[in-house]
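Here's the structure we're looking at; comments come further down.
Readers should treat all values here as calculations from the given coordinates under stated rules, not as data from a laboratory. Keep in mind it's a predicted model, so treat the numbers as computed, not measured. Counting neighbours? That spans all protein chains shown, and the Cβs are built from the backbone with ideal geometry, glycine included.
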Amino acid sequence: MTGKLVYENLKNRPMRSLLSILLIGVPVTLILCLVGLSHGFIEDSQKRQRGVGADILVRPKSSSFLSLNGAPIPQQLVGYLARQPHVKMATGVYSVTVEGVTLFATGIDYQEFTQMCGGFQFHSGGAFQRPDDVILDDYYADQTKAKVGDTIKLLNANWRVSGIMESGKLSHIVVPLKTLQGRLDNAGKVNQIYLRLDDPANTDATVKYLTEIPALEGYPIYSMKEFTSLLNVNNVPALAGFIAVVMGIGVVIGFAVVCLSMYMAVLQRTREIGILKSLGASKAFILGTILSEAFFLGLGGTILGILMSYGAAALIHALKPASLPMIIAYDWWAKAGAITVVGALLGALYPGLTAAMHDPIEALSYE
C-alpha cells in the first residue's frame, strides 16, 4: 500500500522528482570525485615510487614524506652512500614542481636510473640524445598531445620530446639531471637518493645502520616499504577534514532539497492527506509515506551521483590524466549513499510531521 502510494506520487510529479534527484546527486558526485582524486593521487604516487626498484630512500633535511622542502643534498653523498655495507648501487634525482602541487619533473642520471629500475618501456622514441631532451610518460603525453620530436615548454624553457614511456617509473616527466641542475642553479645538488641493496632482506638493518652515521644525521631515511605505506589519505594534512566538510555540504544540500520538495508536495496534497486520514490512515502512516518518498529520492540521487562520477572520471582522464589521476572509489558508494539518504530523511521530517498533524476536516476543505 505505502509503496504503491509513494510510486504514484513520484510518477505523477515527474519534473519535481527528477529535479530533486538531480540536485541530490550533485553532492554525491562531489564526494565521490574528491575521494577518487585523493585516492588516485596516492595510488599513482605509490606505483611510481615502487617502479624505481630501490630498497631505501634518502630525502633532504627538514623535509617530510610529502614535501621536498629543505636544503638540497650534495651530490657527493650519492657516492658516499654507494660505498656503505649492503648497498649495491645508489642514484640521486632532482624533482621540481611544474604544475600546481601535483605534477613534477625529475632530473635523472639516465644510465644509473635505468640500471636501478630495469629500464623504461618506450611506446615511441627512446633515451636522451641531447641535453634539452625530455621523456614523457603516456599519461602526460596524452594530456599535452605531445609526440616524439615535438618541443614543449617546461620550467620556462623549451625541451625536445625524445621518448614516450609507459607510466609507473618515478615521474610523469624525466629530464637529464645535469641540465635541470644547471637551469635551477643547483649544480651538484639532488633532493632524493635511492639505494638498491644486495639483498632486500637487509633493508631494515641497513636503514638502522645509516641513521646512526653522524654524516647522515638529520636526513630522513626510509625503507621503500615504509615510505609507500606512509602515502595514504589519512596522512595527508587537512584532507580528512576537507572531505568531512564536503560530506557536510552534501547533507545540507540533501536536507534543503528534500525539505523544500516534500513541503511543497504536502501543500499540493493536502486534500489527499485529508482523504487518507478520513479513511483511517494514522499519523505514523502519513509520516511513513513522506519519509519513504524522501528515501527513494535520496536513493535515486545516490545512483545518479554514482553515474555522474563515472562521467566526471572519464572527462578528467581525457583532459588531465597526469595532473589529476582519479579512480573510482567503490568502497565509498555506500558511505556517500548513507550520507545522502540521511540528509534526505532529515529534510523530510518536518514536512512529514506537518502532514501527519493535519486536521482531516480542514484538509478536506483545503482549496
Mind putting a number on the dipole of segment 47-103 about its Cα centre? Charges go on the C-beta only, +1 for Lys and Arg and -1 for Asp and Glu, and I need it in Debye to the nearest 20.
-> 160
When the chain is treated as a GNM, springs tying every alpha-carbon pair under 10 Å, which of ALA105, ALA157, ALA71 comes out with the largest mean-square fluctuation?
-> ALA157
Counting only DSSP beta bridges with both residues in the chain, tell me the antiparallel percent, nearest 5.
-> 75
Considering only DSSP beta bridges whose two residues both sit in segment 114-190, what percent are antiparallel, to the nearest 5?
-> 65
Theoretical ellipticity at 222 nm over the chain - DSSP helices of four or more residues, -39500 (n - 2.57) apiece, nearest 500 | -17500 deg cm²/dmol
Segment 94-178 - Rg and Dmax from Cα coordinates, angstrom | 11.5, 31
Would you be so kind as to identify which of PHE122, LEU170, GLY92 lies farthest towards the positive end of the dipole of segment 67-173, taking Lys and Arg as +1 and Asp and Glu as -1 on Cβ and the Cα centre as origin?
-> GLY92
Among the listed pairs LYS145/LYS189; LYS61/LYS88; LYS88/LYS320; LYS61/LYS145; LYS88/LYS153; LYS147/LYS335, which are separated by more than 30 Å between their Cα atoms?
-> LYS145/LYS189; LYS88/LYS320; LYS61/LYS145; LYS88/LYS153; LYS147/LYS335
Among ASP185, ASP55, ASP142, whose mean-square fluctuation peaks in a Gaussian network model of the chain (Cα, cutoff 10 Å)?
-> ASP185
Under 5 Å between amide H atoms, partner at least 5 residues away or on a different chain: which partners does GLY163 have, H built in plane at 1.01 Å?
-> GLY126, VAL134, LEU136
In a Gaussian network model of the chain with springs linking alpha carbons closer than 10 Å, the residue among VAL134, VAL96, VAL174 that fluctuates most is VAL96
Mean Cα-pair separation over length for the chain, i.e. relative contact order, pairs under 8 Å, 6 or more apart, % | 29
Can you check how the C-alpha radius of gyration of segment 60-110 compares to 2.2 N^0.38 Å, as a plain ratio?
-> 1.32
For segment 19-105: rounded, prolate or oblate by the Cα gyration tensor [a/c cutoff 1.5] = prolate
Could you work out Rg/(2.2 N^0.38 Å) for the chain, with Rg from alpha carbons only?
-> 1.40
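How big is the charge dipole of the chain about its Cα centre, in debye rounded to the nearest 20, if each Lys and Arg gets +1 on its Cβ and each Asp and Glu gets -1 on its Cβ?
With Lys and Arg at +1 and Asp and Glu at -1, about 340 debye.
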Residue among GLN76, SER63, GLY36 farthest towards the positive dipole end of segment 6-141, charges placed on Cβ | GLY36
